[in-house]
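Bear in mind that the values in this text are calculations on the coordinates, not laboratory data. Keep in mind it's a predicted model, so treat the numbers as computed, not measured. As a convention, Cβ positions derive from the backbone with ideal geometry for all residues, glycine included, and neighbour counts pool all protein chains shown.
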Amino acid sequence: MNARFSLRICCTLGWLTLGVAPPSAAIVSQASAQEWTRFRGPNGAGFAPADIPGEWSEKDYNWRVELPGIGHSCPVFWGDKIFLTSAFEDTCTRIVLCLDAADGKILWRREFTSTVHTKHKMNSYASCTPTVDAERVYVAWTAPEEYTLMALDHEGNDVWLRNLGPFVSQHSGGTSPIIYQDMVILGNEQGDEDANGISFLAAFDRRTGEPRWQRARQTEQVAYSTPCVFSRPGKPDELIFNSGAHGVTSIDPKNGNVNWEIDVLDKRSVSSPVIAGGLIFATCGSGAGGNYVAAVRPPAKKGEQPEIAYRVDDSAPYVPTVVAKGDRIFLWSDAGVVSCLEASTGKQIWKKRVGGAYSGSPVIAGDKLVCMSMDGTAVVVAASDEYELLGKNPLGEESRSTPSIAGGRLYLRTYSHLISLGGKKKKD
């Protein structure tokens, strides 16, 4: 497995997308930041409006703050608060942080002890991105003896904690939880032969942490896919998961039953599913290559079978998740090749090499495609049918993270810093 491998794995905008009750009027008045409450924002699509430059320097930052420890997870937002995880590499002490979005000031921090254990050298002990609603922030992390899912309130107080049992993987964890209606959904697809019989998908009551359902999964290699919700007019919602053992799976969120499954992934699934052009996009690969993206056409009605619409092998990503805008899907390969495709057909619009090595995923901020290279350069490309490189911006530190977008601003997490950029500036 080559050194580029990373486990940083670490719908519409608005609260109804997340199935969460609208926040109070007091919270609504604070900021329009509820669009980024999970890994890669609304439904994991990686897209939100933002006003950012293509090129910038440090003087253009709203702020840049140092974080305790290091991590590859991404910031999530509610109102004027940022929630983020980090960890100390020497002790595996995990940290949950709350910051003020206005100036980056740390409002509170909680530390949780754990045990130092084997992980991939490109992974961190804080690679799972939290998810947040109007009342609580939900955090997951792994250690060999315990896979933990916990809820804190917005002031950092304990609400509940679930021990999901041991976690077996030579690379450690990285899957992020999501919120669906009144549940927290989490994948637990472990790796290696010792994980047989302990892998599952699960839903928990977001108020109490009590289990709602659990679905056993096969084990081949650990999977890091964070699910998304597939919604169609007049049809029940479906949870979509990726893994090498199962391919693409549709789960009924009410009870955890399998709606349908298609075996289209024959390697490790690190990236997460994305929906565009009526298709579901799933990626797999390995450090040795053989990466590809499978475009799956879901069944039109009950009793029919899903189909492979097409497959993309040319410069396909392994770790980075694809991102879509309308009927255009953008692939950002680990080796720095960016492609624009027609989502519904797979027709290539353009393909260009921007250089660098990547384990974070791209996002679309307004009309700009942004991805951070592992050496800590934020590369900006026009998210359009015409290729245009808009800028390469050094961040001053390595990064394995994925940008976040909230309140019209872009947030960039390096190993031990968080940067706020763009948005409308306040007048003196």
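Taking region 28-90 as the region of interest, what is the percent of Cα-Cα pairs per 5 angstrom bin, listed from the shortest bin to the one with the maximum distance?
It works out to 4, 14, 18, 21, 24, 15, 4, 1, 0, in whole percents.
With a bin width of 10 angstrom, please list the P(r) values of region 15-421 as percents of all Cα-Cα pairs, from the 0 bin to the one holding the largest distance.
Computed distribution, short to long bins: 5, 25, 36, 27, 8, 0.
Given region 15-421, what percent of its DSSP beta bridges are antiparallel, to the nearest 5?
Taking every DSSP beta bridge with both residues in region 15-421, the antiparallel ones total about 95 percent.
Using each residue's phi in region 267-278, evaluate 6.51 cos²θ - 1.76 cosθ + 1.60 at θ = phi - 60° and report the 3J(HN,Hα) Karplus result to the nearest Hz, with x for Gly and Pro.
9, 5, 9, 9, 6, 10, x, 9, 10, 7, x, x
Could you give the nm distance between label points at Thr115 and Val159, where each point is 7 Å from its Cα heading toward the beta carbon?
It works out to 3.0 nm between the two label points.
Which loop-located GluC sites (Glu not before Pro) does region 62-164 contain, where loop means any DSSP state but H, G, I, E or B and the Cβ has at most 11 other Cβ atoms within 10 Å?
Passing both the DSSP loop test and the Cβ count: Glu155.
Points 7 angstrom from Cα along the Cβ direction at Arg64 and Lys301: gap in nanometres?
Calculated label separation equals 5.9 nm.
List the relative contact order of region 15-421 as a percent without decimals, with contacts defined as Cα pairs under 8 Å and 6+ residues apart.
15
Which of Tyr125, Phe88, Pro177 sits farthest toward the positive end of the charge dipole of the chain, with +1 on the Cβ of Lys and Arg and -1 on the Cβ of Asp and Glu?
Going by the charge dipole, the pick is Pro177.
What do you get when you divide the Cα radius of gyration of region 160-279 by 2.2 N^0.38 Å, with N the number of residues?
Dividing the Cα radius of gyration by 2.2 N^0.38 Å gives 1.02.
Decide, for region 249-296, between rounded, prolate and oblate: order the square roots of the alpha carbon gyration tensor eigenvalues as a ≥ b ≥ c, take rounded if a/c falls under 1.5, and otherwise choose prolate if a/b is larger than b/c, else oblate.
Taking the square roots of the gyration eigenvalues as a ≥ b ≥ c, region 249-296 is prolate.
What area, in nm² and to one decimal, does the C-alpha convex hull of region 332-428 cast on average over all directions?
Mean shadow area of the hull around the Cα atoms is 7.0 nm².
Using DSSP to define loop residues, name the trypsin sites (Lys or Arg not before Pro) in region 40-143 whose beta-carbon has at most 15 other beta-carbon atoms within 10 Å.
Those satisfying the criteria are Lys105, Lys121.
Per-residue HN-Hα couplings for region 218-226, Karplus 6.51 cos²θ - 1.76 cosθ + 1.60 at θ = phi - 60°, whole Hz, x for Gly and Pro?
With the stated coefficients, region 218-226 comes to 6, 10, 10, 10, 4, 10, 10, 5, 8 Hz.
Hey, fewest Cβ within 10 Å first, where do Thr93, Thr37, Thr345, Thr115 land in order?
In increasing order of surrounding Cβ atoms, one gets Thr115, Thr345, Thr93, Thr37.
Using unit Cβ charges (K, R positive; D, E negative) and no other charged atoms, how large, in debye to the nearest 20, is the dipole of the chain about its Cα centre?
Dipole about the Cα centre, nearest 20: 600 debye.
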